[in-house]
Amino acid sequence: LTKVGHDALTKVGHDALTKVRPKTPARVTTLTIPSSMSSPLSPTADVFQLPPHTSALPALTDLTSLFSTLSLTPPFSPHLPPPPVRQRPPHSNSGVTAVVEQEGYISLRLRHAVVLDISANQAIRLTNNLKNSSMSLSACTTQMALVHLKGRILQYGPRVEVQTEDDVSVKNAKIYPRGISFTANNMALVYLLDEAGARSTSDMFHDLYATQIVDTLFMESCQREGQAVPTCIRLLDKARYWRTEAGVDCWVIGHVFIQQTEDGLVTVERELQHGDNFVLKTSPSNGKVKFDSRFVQMTASLGDESHMFLRSGDRRLHYSGQTKVFTVRNAGHSAGFDEEGELRIF
């Protein structure tokens, strides 16, 4: 592993090697009101109550909305409707913008709330805000992270870890040169599936839900030198754009080729000098994501066919979001957990 990859892995979860993630209590933000405000709403007033003319406001209106819409200087007529506010829907086809962030990367804000971040050294982060999914690829391309509603994936060198959570159990698997090891938080043992079949073993897994693995990997992959921002500015100045007859928007930024179709599907390709090609895809309409490289191929989706699938060489992993069945395959053998979370060897 490169130093960047090792640091990324350390940030991702060496401190979070556990099978059961502790519950995090919700954080409640304390509402503070400036004492200098001359208003019946001020906590320094003799009686803390709303003015009589606010009785026509909706019952669910909170103090924050009152400060933004209520005129505290009379006269005020409750019969005048508030000015209309045009809210752009999240899937709006708003214009595409590109900016250079101070952290040293280009942020390309595409249509349908898809954001592509490209660092000065060509690390990639692709975020689908409508479907709460994201992917990142390190600058050295040996590390990849995925966050999806059906599970999470972390690749570091020749190892790939997968974690899924549902109402049955938390399931973990690791694909590595020896085979595939897998377990669940309702199981006392870890199992290994290799050329000899399935048997118990000992192994440890990262809790991929303990940290924001996509953001951590991307930020740790970003170039740290002082020339990162100027480099990004030069890359953005040299960026190319065109639109095909089929209505596909295309960009080239450095060695990264980006496409977005009219329905929002984004395809990102990064080709290395020796010919290896890495492809990342995300769809804001159906929640599908895809990652394709010479070492690993992965897909995940939502809806009636919600799933997570991963393939590396002759090793396979499939998780059904509908049935909760979790299956690993290697060298002609299959094993995993059924709908009830029980171990099954096929």
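The values are calculated or read from the model by the stated rules, or taken from the named source; none is laboratory data. Everything numeric here is computed off the predicted structure, so don't read it as measured data. All Cβ positions, glycine included, derive from the backbone under ideal geometry; neighbour counts span all protein chains shown. Side chains included, ligands, DNA and RNA excluded: accessible areas come from the protein's heavy atoms. Shrake-Rupley method; radii C 1.70, N 1.55, O 1.52, S 1.80 Å.
Return one whole number: the accessible area per residue of region 146-219 in Å², for a 1.4 Å probe. Write out the running numbers ahead of the final one.
Values: 2620 Å² over 74 residues.
Accessible area per residue: 35 Å².
Let's see if you can work this out: charge +1 on each Lys and Arg Cβ, -1 on each Asp and Glu Cβ, no other charges. What is the dipole magnitude of region 173-287 about its Cα centre, in debye to the nearest 20? Mind showing how you got there, number by number?
Values: 10 positive and 15 negative charges, 35 e Å.
Dipole about the Cα centre, nearest 20: 160 debye.
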Practice task
Could you pull the accessible area for GLU271 with a 1.4 Å probe, rounded to 10 Å²?
Solution key: 110
Handout entry: ASP203, ASP304, reordered so the largest accessible area comes first (probe 1.4 Å)
Key = ASP304, ASP203
Problem - Using θ = phi - 60° and Karplus 6.51 cos²θ - 1.76 cosθ + 1.60, couplings along region 298-312 (whole Hz; Gly, Pro as x) - result: 9, 9, 8, 8, 10, x, 5, 10, 4, 6, 9, 10, 9, 9, 9
Completion exercise
By the C-alpha gyration tensor axes a ≥ b ≥ c (rounded if a/c is under 1.5, else prolate when a/b exceeds b/c, else oblate), the shape of region 287-339 is oblate
Handout entry: For THR211, residues with placed amide H under 5 Å, excluding near neighbours
Key = none
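What shape does region 226-303 have by the C-alpha gyration tensor, where a ≥ b ≥ c are the square roots of the eigenvalues, rounded means a/c under 1.5, and otherwise prolate means a/b greater than b/c and oblate the rest? Walk me through the intermediate numbers first.
Working: a/c = 1.97, a/b = 1.32, b/c = 1.49.
It comes out oblate by the Cα gyration axes.
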Completion exercise
The Cα extents of region 119-162 along the principal axes, largest first and rounded to whole Å, are 28, 26, 5
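May I ask you to rank TRP242, TRP251 by accessible area, largest first, using a 1.4 Å probe over the protein chains only?
Largest accessible area first, the residues go TRP242, TRP251.
Given charges of +1 on the Cβ of Lys and Arg and -1 on the Cβ of Asp and Glu, with all other atoms neutral, how large is the dipole of region 156-228 about its Cα centre, in debye to the nearest 20? Let's see the in-between values first.
Values: 6 positive and 11 negative charges, 56 e Å.
That gives region 156-228 a dipole magnitude of about 260 debye.
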Completion exercise
Stretched fully, the stretch from ARG294 through GLU165 gains (0.36 nm per residue minus C-alpha distance, one decimal, in nm) 43.7 nm
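Using a 1.4 Å probe on the protein chains only, how many percent of the accessible area of region 223-288 belongs to carbon and sulfur?
Its accessible area is 50 percent carbon and sulfur atoms.
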